[in-house]
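Working notes, structure below.
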Amino acid sequence: MRSILKLSVATLALLGFGVTMSSAETLEEVMKRRNLSQKDLMNAAKTYTPSGGRDEFIVFSSGGQSGQIIVYGVPSMRILKYVAVFTPEPWQGYGYDEESKKILDQGKVDGRTLQWGDTHHPAITETNGEVDGQYLFINDKSAPRIAVVSLHDFETQQIVVNPIMQSEHGGTFVTPNSEYVIEAAQYPGVLGRGYAPLSEFNEKFRGAVTYWKFDRSKGRIVPEQSFSLELPPYTQDLSDAGKLVSDGWSFTNSFCAERYVGGIESGRPPFEAGCSSNDADFLHIINWKKAEEVYKAGKVTMINNHPVITMKTAIEEGLVFLVAEPKSPHGVDVSPDGKYILVGGKLDTHVSVYSFEKIKAAVDAKKFVGKDPYGLPIIDMKDALDKQIQLGLGPLHTQFDSKPCVAYTSLYVDSQVAKYNYCEGKVLDKISVHYNIGHLMAMEGETTKPKGKYLVALNKLAIDRFNPVGPLHPQNHQLIDISGDKMELVYDMPLPLGEPHYATSISADKLKPLVRYKYGTDSRTGQDHAAAVRPGSEKIVREPGKVTVYMTAIRSHFTPEIVEVEEGDEVIFHVTNSERAQDETHGFSVSTYNVNLSIEPGKTATAKLKADKPGVFSFYCTEFCSALHLEMEGYLVVKPKGLATQQAKVSEGQAYTKADFDKQYKTNNDTQAVIDSVVKYIVSTNFKDFPAVVAMVEDATDQLNFAKDAKAKTDAAAAKQDWQQATLWAGQWWQYQVKAADIGLRAKTFLEQNGAKVVAK
């Protein structure tokens, strides 16, 4: 044990960990008490991120039935954020402010409001086949919907509904320069979501794949420039876009090529029997570049005002080809160089490695082994296959390493990850995971330039991994170190949100999110909000039956603080966060009304309510924003309809004297001396070289300007010997000073800790 301890301590020291114990326990005692091994300590060192440290990679995981996206760091596995997409989420005000309600309304299907989504496959925008960190797409399996999330602020900007699909699972996947977002149908249906009896399944039901046009300059999908291809009623599944040598093509797999329709209730075998009886399913090979030309030439059929290339046209134009693939596949994954397409069938033991060169040669030579029942040409598997590699039971999904020809495939039935060389057809390593792994994710492992280092196994079952918390267990994301020849499991991470299905990753340094909005921004459009106001311009506009409040929020008050309306009025609050400091978010909630806004610095958000009951309703800031957070309050006064306006002086709860005023005034002068010393230090440094400090200086300057205005009101009241008002305004002046001092001290500490240099005395 002592030799192990010595090695562990040495190892930790090399990694920069302090080993001097500040507590009464020694490291050896902690190891003994917790039954920790040297390997445990090494794994902890690999994932440990010191206070203030940053992760190397950021992961975006689907949130399953939560309808959200989960954001966490690697290697720490710390959850950083939930991004609300298809489901209202109060902390972010999503679905509660009018701006985000418009986004959710875009997701109505056939006029129905959906309260949830089943997120599955996130994808980040790409440039030349590399993820670029600008936008992220995510699908909803429960309804055929795609969402666009801006990675400038991690907020959902758009939801589009597929006008022809009944359901989908095969989204989202992007072409190498994000020209299109690929979405494949899952369960066949009548295109346009119409009716046909199941007895006419083969004749009337169809699959489809949609190519959604993405306008990067606007950060929006453009439905008017998007198109779909009609496909047979096989159950299409996942897709991947070709890259480099295979750019311009895409690949979509399928299952239930048997086209079986179940019916346990009528004595027929269930779907799972009929949909897995054949030895193979079909991989769809699609020339999307040529399909784009066909679409632009107008050779389409309009279904629900959406252009669809029919199978007849696809056959005539040579757009879609089929090849057999292992039965019941899930992932279809193109190698980083674009030369190979890897498919694993969950009811097979192999990963099948298809050669794009061989596929293209067969297409060019029109060398087909036959046609499917709908006339689509079929390439003989031997004319497309490079090799098959025996991996184990339940191959499901593949990701790629930075090392040439090295790939990783999840084995669902075996609960393992297989590492292998797909060029040589050689298995290199296997590791057990807990349990029943679905997808897996290597760092940027679906791009032209994978980063290697880490792999995350997205396991469906946890069982014995964590403390029991009832019949419903969390999912388990396991971090695997793939930097060496042998894979090493280093961390178990419970994810108690939905069923995280798939994840994608990006190097953290590629993300450049905002720390504040341009003043008065509508975060859902990225444009100026028409109702934004600056401090000093707040107002209440009254119209018959309607009261509109143009409000600002700043530590620690709303302006205005008291809003009087009449019973029956529609009340609209436009609230602008006047802060400029990073992370100084304010909330806004009205008691007993379904109002909850999250207002980040510079953002303007809107809340609407119907004042249908007389009463006095408090409103407050829901984010703990300052020492006087609880004092950040106000009242919505709803007067009974027809009640005459009453003008009455408010009785003071506390009377102030000149002595009170003098005491507060001295405090203010002392505080200003502290502020002056901090300012002197900051301006003596190269603070302009630190953007975070520049932003803090701007915010502190704003606070001091507010303080200057409050001081003028203080002095004016004192000149009239109105000690009540003078003392209160002096208190407000001091609050602005405290905020400025708080920001200034944060800036000073930042400069001291980040190597600022003194450049002036």
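Scanning segment 564-584 for residues being closer than 15 Å to Met632 by Cβ and modelled with pLDDT under 95 gives a total of 3.
Matching residues to (1) of a type in the set (Asp, Glu); (2) under 30 Å from Lys218 (Cβ atoms):
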position: Asp509; (1), (2): yes, yes
position: Gly520; (1), (2): no, yes
position: Ile540; (1), (2): no, no
position: Pro544; (1), (2): no, no
position: His557; (1), (2): no, no
position: Glu561; (1), (2): yes, no
position: Glu567; (1), (2): yes, no
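For the criterion of being within 23 Å of Gly298 (Cα to Cα), among the aliphatic types (A, V, I, L, M), in contact with a Pro (Cβ under 9 Å, 6 or more places away or on another chain) and in contact (Cβ under 8 Å) with a residue 40 or more places away in the chain, Val161 passes. Of the residues making up segment 252-291, those that are crowded, with 21+ Cβ neighbours inside 10 Å, touching a helix residue (DSSP H, G or I) at 6+ places or on another chain (Cβ under 9 Å) and either outside the structural domain of Tyr180 (by TED's automatic domain parsing) or aliphatic (A, V, I, L, M) (or both) are Ile285, Ile286, Ala291. Does Ile315 satisfy being under 26 Å from Tyr187 (Cα atoms), touching a residue at least 60 places away in the same chain (Cβ under 8 Å), among the hydrophobic types (A, V, I, L, M, F, W, C) and touching a Lys or Arg at 6+ places or on another chain (Cβ under 8 Å)? So Ile315 does not fit the description; no.
The one condition from (1) modelled with pLDDT of 95 or more; (2) over 20 Å from Phe368 (Cβ atoms) that Asp348 does not meet is (1). Considered as a group, the residues in segment 590-622 that are out of contact with any Leu (no Cβ under 9 Å at 6 or more places or on another chain) and β-branched (Val, Ile, Thr) include one that is surrounded by the fewest Cβ atoms within 10 Å (Cβ to Cβ), and that residue is Thr592.
Of all residues being assigned to a loop (DSSP other than H, G, I, E, B) and not small (Gly, Ala, Ser) in segment 726-761, which is nearest to Gln664 (Cα to Cα)? Just the residue, please. Across segment 726-761, the extreme among qualifying residues is Lys761. Return the only residue of Gly133, Gly170 being buried (at least 24 other Cβ atoms within 10 Å of the Cβ) and either touching a residue at least 60 places away in the same chain (Cβ under 8 Å) or assigned to a loop (DSSP other than H, G, I, E, B) (or both). Answer to the selection: Gly170. Number of residues in segment 557-584 that are surrounded by fewer than 20 Cβ atoms within 10 Å (Cβ to Cβ) and within 16 Å of His629 (Cβ to Cβ): the value is 3.
Restricting attention to segment 675-725, which residues are of a type in the set (Ser, Thr, Tyr), more than 37 Å from the chain's Cα centre (by Cα), surrounded by fewer than 16 Cβ atoms within 10 Å (Cβ to Cβ) and outside any loop (DSSP other than H, G, I, E, B)? Selection gives Ser677 alone. Only residues that are over 24 Å from the mean Cα position of the chain (by Cα) and of a type in the set (S, T, N, Q) were counted in segment 593-632, giving 3.
Under the condition of being in contact with a His (Cβ under 9 Å, 6 or more places away or on another chain) and either among the basic types (Lys, Arg) or farther than 21 Å from Gly64 by Cβ (or both), the residues counted in segment 106-154 number 3. Just to be sure before I move on: is Tyr72 over 19 Å from Asn476 (Cβ atoms) and out of contact with any Cys (no Cβ under 7 Å at 6 or more places or on another chain) in the structure I sent? It is false that Tyr72 is over 19 Å from Asn476 (Cβ atoms) and out of contact with any Cys (no Cβ under 7 Å at 6 or more places or on another chain).
Just so you know, in segment 25-38 the residues that are in contact (Cβ under 8 Å) with a residue 24 or more places away in the chain and part of a helix (DSSP H, G or I) include one that is surrounded by the fewest Cβ atoms within 10 Å (Cβ to Cβ), and it is Lys32. Set side by side, the residues Thr119, Thr125, Thr113, Thr87 differ, and just one is surrounded by 24 or more Cβ atoms within 10 Å (Cβ to Cβ) and either free of Cβ contacts under 8 Å to residues at least 40 places away in the same chain or under 29 Å from His529 (Cβ atoms) (or both), which is Thr119.
Restricting Asp715, Asp689 to residues that are in contact with a Lys or Arg (Cβ under 9 Å, 6 or more places away or on another chain), charged (D, E, K, R) and at pLDDT 90 or above narrows the list to Asp689.
Pairs are defined by a Cβ separation below 6 Å, a sequence spacing of at least 6 or placement on different chains, a first member in segment 194-221 that is without any contact (Cβ under 8 Å) to a residue 12 or more places away in the chain and at negative phi, and a second member that is surrounded by 12 or more Cβ atoms within 10 Å (Cβ to Cβ) and part of a helix (DSSP H, G or I); the pairs so defined are Ala196/Lys204.
Screening Lys366 against (1) part of a loop (DSSP other than H, G, I, E, B); (2) within 23 Å of Ala503 (Cα to Cα); (3) among the charged types (D, E, K, R) leaves a single unmet condition, (2). Can you say whether Gly545 is in contact (Cβ under 8 Å) with a residue 40 or more places away in the chain and on the phi > 0 side of the Ramachandran plot, as far as the supplied structure shows? Criteria not met by Gly545. Considering segment 147-167, and only residues there that are small (Gly, Ala, Ser) and under 24 Å from Leu191 (Cβ atoms), the residue that is surrounded by the most Cβ atoms within 10 Å (Cβ to Cβ) turns out to be Ala147. When segment 45-96 is limited to residues that are hydrophobic (A, V, I, L, M, F, W, C) and not in a strand (DSSP E or B), the one that is farthest from Leu495 (Cα to Cα) turns out to be Ala45. In segment 39-56, the count of residues that are modelled with pLDDT of 95 or more, crowded, with 20+ Cβ neighbours inside 10 Å and within 21 Å of the chain's Cα centre (by Cα) is zero.
Scanning segment 203-226 for residues that are surrounded by fewer than 21 Cβ atoms within 10 Å (Cβ to Cβ) and either in a strand (DSSP E or B) or over 24 Å from the mean Cα position of the chain (by Cα) (or both) yields Glu203, Lys204, Phe205, Lys213, Asp215, Arg220, Glu224, Gln225. Every condition in (1) within 21 Å of Val83 (Cα to Cα); (2) surrounded by fewer than 22 Cβ atoms within 10 Å (Cβ to Cβ); (3) at pLDDT 95 or above holds for Ser142 except the one numbered (3). Filtering Lys430, Lys382, Lys403 for residues that are assigned to a loop (DSSP other than H, G, I, E, B), free of Cβ contacts under 8 Å to residues at least 60 places away in the same chain and either out of contact with any strand residue (DSSP E or B) (no Cβ under 7 Å at 6 or more places or on another chain) or surrounded by fewer than 18 Cβ atoms within 10 Å (Cβ to Cβ) (or both) leaves a single hit, Lys403.
The values are calculated or read from the model by the stated rules, or taken from the named source; none is laboratory data. Nothing here was measured: the structure is a model prediction, and the numbers come from that model. Reconstructed Cβ throughout: ideal geometry from the backbone, glycine too, with neighbour counts over all protein chains shown.
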